[in-house]
Amino acid sequence: MSTLLAALGRWSFRHPWRVLVAWLLLLGLAGGGVALFAQGTDNSFSIPGTESQEGLEQLSRTFPQVSGTSAQAIVVAADGEKVDAAPYTSDVKSTVNRLEDLDGMLAVSNPFSGQVDGLVSDNDTAAIIQMQFDGQVTDISDSTKAALEEVIDDLRAELPDGATVHLGGDLYSTELPTISITEAVGLVIALLVLIVTFRSFLVAGMPLLTALLGVGLSMALIYVSTAFSSISSTTPLLALMLGLAVGIDYALFIISRHQDQVRGGMDPEESAARATGTAGSAVVFAGVTVLIALIGLSFANIPFLTTMGIAAAVAVAIAVAVAVTLTPAFLGFAKGRVVGWKMGAPKKKNAKAKKGFAARWVGLVTRHPVVTTVAVVASLGALSVPAASLALALPNAGMLPQDSQARQTYDLVSEHFGPGFNGPLIMTGTIVQSNDPLNLMHDIGDDIAKLPGVESVALATPNETADTGIVQIIPTTAPDDPATADLVRELRDQHDRILDEYGVDMKVTGFTAVAIDISDRLGGALLPFGVFVVGLSLVLLAIVFRSIWVPLKAAAGYLLSVGAAFGIVSLVFVHGVGADLLNVTKVGPIISFMPIVLMGVLFGLAMDYEVFLVSRMREDYVHGLRRAEGRTPRRVAQDAVRSGYSASARVVTAAAVIMFAVFAAFVPEGDMNLKPIALGLASGVAIDAFLVRMTLVPAVMALLGDKAWWMPKWLGMRLPHFDIEGEAVEREISLADWPEPHTRAAVVAEGLELESADGTELYRDASLRIEPGGTLVLHGRDHRAARALALTIAGRVAPTDGRIKVNGHLLPGRAAWVRGHVGVALLTGAADPAAEIRRALKRRTRLLVVDGLDAAASAGTRDQVTAQLRDAASLAPDLTIVATAASPAAVSALLSEAGRTADVVDVAAAPHRATAVPTATSELPEVIA
């Protein structure tokens, strides 16, 4: 990974215009796609497989008058007047007649009609005009909405002075989120932080430019995808928020490493390649964790949430791709102008270096690790307590700004008719077997009206064909009140009793029931999703840090951060603490998908800080062990905590401040659906970065000492290796002139060792050299050893220790290149050995590895194989062959017929112990011990 990224960074640095034009071209194509295909966002929510959704689908087929979206206009009489008297009754009647002529209008209820009951308030001061449309919210055209609003405006003008008319209902229950000038404040703060961090206006602008380009592309792709799938209006804003935050931070990590290296005297091109290979590897890993967490939102099995996670994941993936390509390209434009201005007066000669704040802070934390650990855990635990009162609900008009007409309608309906009138429930069932459908539905309605939590039954009737009946229930509580959810569960508990008594299979549905079902499913998904996220963090961090305690500590810190973030959101949105300061228009339940989105996103961001902070500690620990200078391993580990912290604190602090600023900017004027998510992310990032990663982590690491880096040997053998800090790049640079500058050796190895997964030593201290055109035959009592060494040369197996170059490429860092250029033929057990060798030579490879060449020594295939080897050598005179054989003599004879002289090496004399492998050289056909 790191070597590939380093090569990519070097190429981007050398060809900055190509990279920039390519990204701009992609952005232009995506923008054109938006103009041609974008269909707009969809705020309708559905949840397949639930009772409420099945009920809605049934009603859409049998009772469309109550299944589509609805709207309502509330008329409030002037002070001292009655709404059921003239001129209100006549004006409302004429308005109803006009509304019935609108496109898509199924039914309009005149509150003063003798056939309608319950649409006039008890004190006769308010009346409601109910409207039922054909289709969902997104099916209603803008022209229909405009005509509806025009009719209501005319009614408002006709009524006496002092009368009030407001339009609301499901059709207006949500508003499309927009971007305000407040969000730009986050970018301004980010720019200021970058200027302070880099001490350069030129360099500070690079992360912003890369982030904005990546966000522009991801937003365009999201809107293009609206032509193929339904996407909620919150989805682009979430992608925008995440894309900006991670896009700036990922470029920041790479540029910071590059700037430090250039200030140290490194050539800018070499520095850009190395920074992309090292910091870029950490960026890729961090991005992958965020991607997995976002895609994990599909755990809830809710389509709109799955789409939201995928869209946000696309934004993060683009941010990663832009960071590792466009960032080094911008560095290529800047060349050496990235050093920035110097700070402070020049130091006097022999002056004692003054400790920075980071060094002083980590010194304090690690000097009192127990006190620090207890204080942080207790504080965050206390802050998590309010999370227990967190209630979930889908957005409704009651969450809109108070100056919104739909919000005013919602409040007036609650005031004059009760809060439950804003969220009626519907029970529906098939009554085709009934001989008296009218009385049947009347009896069921009377039965349900007696249940606690039911304010009234507004309607209990069959449809026109008398095959489906509905009961419309007005709860005593608001749609987002937990008591309404309890009522839905109670109504479902009555299913069996109603079926026994009335013979009707009733389902509870309606938009309020759908919202409750979505909230319940999301709440139920939190635990498995949390287990998935925490388990993922344990596995990924164990792979990265080769440790058991580091992942456990990281996962515990993540849980503390999540709990505290939930607590802060609950304090503001449920308990109203600071609600006015943050422009929260209504306290109460928060949007249902906030917890799962917050858990997923914060997991990725927390792992970012963990990786960038702890990887430097691990690097210093490994280097410190090599030059222990009399220190114990525990002391070396504690010193590494302090030095690694001091070296990485500046960039982690800058990244956290930028993240906080971007997320916090969406809180004051942001969309009510996004507000709790933005606040949770802003507070979670601040808590995780400054309290958990930069306070708790060094304290716990100091307590653990060298035990922090312990892992059972058996587990270390089974876990894959992920080069998070670009060790392969550093190793490649340090061994660039090994065994000599510009070596021509086809294969050169020194001190190779390999153990199998069960701990068996396959080969040890293997050293060899093969010049181009040479031939080496490996054999041994245990054929596994010879095969393992051959596959190591082919780049298929990574050695446990030692160094090896194949055609000038260092393994295992360049294993991908070697695998693509080395032909491998596995002849043991092959039905047609000649065909296997022919297939391996198709690439016109310069190095051929053959396992079990004995199989080609039989009379049936011998001539074919020798001919193939001669032909291959004529095409590539420097063809090098490495083969394994149980019978070296037979194979040597075969190779001799092909015109090749082979060096034979005994790899292992015993199955559990390998002997040293001598050097083999085609120019010296003798075995040198």
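Just so it is clear, none of the values below were taken in a lab; they were calculated from the coordinates. Just so it is clear, the model here is predicted, and its values are computed rather than measured. Glycine also receives a Cβ, built like all others from the backbone with ideal geometry; neighbour counts cover every protein chain displayed.
For this structure, a couple of remarks:
- Quotient of C-alpha Rg and 2.2 N^0.38 Å, computed over region 576-620: 1.83
- Peptide ranges 632-640, 301-309, 684-692 listed from the most packed, as the mean C-beta count within 10 angstrom indicates: 684-692, 301-309, 632-640
- Cα gyration tensor, region 431-478 - rounded (a/c under 1.5), prolate or oblate: prolate
- Charged-residue dipole, Cβ positions (Lys, Arg, Asp, Glu), region 609-650 about Cα centre, Debye nearest 20: 120 debye
- Taking the Cα centre of region 442-547 as reference, the dipole from Cβ charges on Lys and Arg (+1) and Asp and Glu (-1) amounts to some 880 debye.
- Relative to the longest principal axis of the Cα atoms of the chain, the long axis of helix 633-664 makes an angle of roughly 40 degrees.
- Too-long pairs where the Cα-Cα distance tops 24 Å, listed order kept, from Lys93/Lys145; Lys93/Lys507; Lys335/Lys805; Lys553/Lys713: Lys93/Lys507; Lys335/Lys805
- Contact order normalised by residue count of region 425-509, Cα under 8 Å, 6+ apart, percent: 36 percent
- Its relative contact order, with pairs defined as Cα atoms under 8 Å and 6+ residues apart, puts region 735-928 at 30 percent.
- Between Ser887 and Asp403, the contour length at 0.36 nm per residue exceeds the Cα-Cα span by 165.2 nm.
- Neighbour counts of other Cβ atoms within 10 Å put Met441, Met131 in the fewest-to-most order Met131, Met441.
- Dipole-positive endmost among His783, Leu240, Leu895 within the chain (Cβ charges, Cα centre): Leu895
- Annotation for Asn301 and Ala86: the two label points, set 7 Å from Cα along the Cα-Cβ direction, are 6.1 nm apart.
- Principal axis dimensions, largest first and in whole angstrom, of region 425-509 by Cα: 38, 23, 19
- Gyration tensor (Cα) of region 735-928, equivalent ellipsoid semi-axes in angstrom: 24, 19, 15
- When only the Cβ of Lys, Arg, Asp and Glu is charged (+1, +1, -1, -1), the dipole of the chain relative to its Cα centre reaches about 7500 debye.
- Region 212-264 versus region 422-444: alpha-carbon centroid distance in Å: 52 Å
- Extension gain, Asn583 to Leu715: 0.36 nm times the residue separation minus the Cα-Cα distance gives 42.4 nm.
- Proportion of all alpha-carbon pairs of region 51-172 beyond 19 Å (%): 47 percent
- Each of Lys450, Lys707, Lys507 was scored by other Cβ atoms within 10 Å of its Cβ. Listed from fewest to most, they are Lys450, Lys707, Lys507.
- Sequence of Ile310, Ile591, Ile543, Ile254 once ranked by neighbouring C-beta atoms within 10 Å, starting from the fewest: Ile543, Ile310, Ile591, Ile254
- Segment Glu158-Arg337, length gained on full extension (0.36 nm per residue, minus Cα span): 57.4 nm
- Furthest towards positive pole of dipole, Ala358, Leu194, Phe63, structure part the chain, Cβ charges: Ala358
- Of all segments of the chain bounded by GluC sites (Glu not before Pro) found in a DSSP loop with no more than 12 other C-beta atoms within 10 Å, the longest spans 1-463.
- DSSP bridge orientation in the chain - percent antiparallel, rounded to nearest 5: 70 percent
- Rounded to the nearest 10 degrees, the angle from helix 859-875 to the longest Cα principal axis of the chain is 90 degrees.
- Semi-axis lengths, largest first, of the ellipsoid equivalent to the chain are 67, 34, 26 Å, with √(5λ) applied to each eigenvalue of the Cα gyration tensor.
- On Cα atoms only, tilt of 88-100 relative to the major axis of the chain in degrees: 40 degrees
- Diffusion coefficient of region 180-331 by Stokes-Einstein, Kirkwood radius over Cα pairs, 37 °C, 0.692 mPa s: 204 µm²/s.
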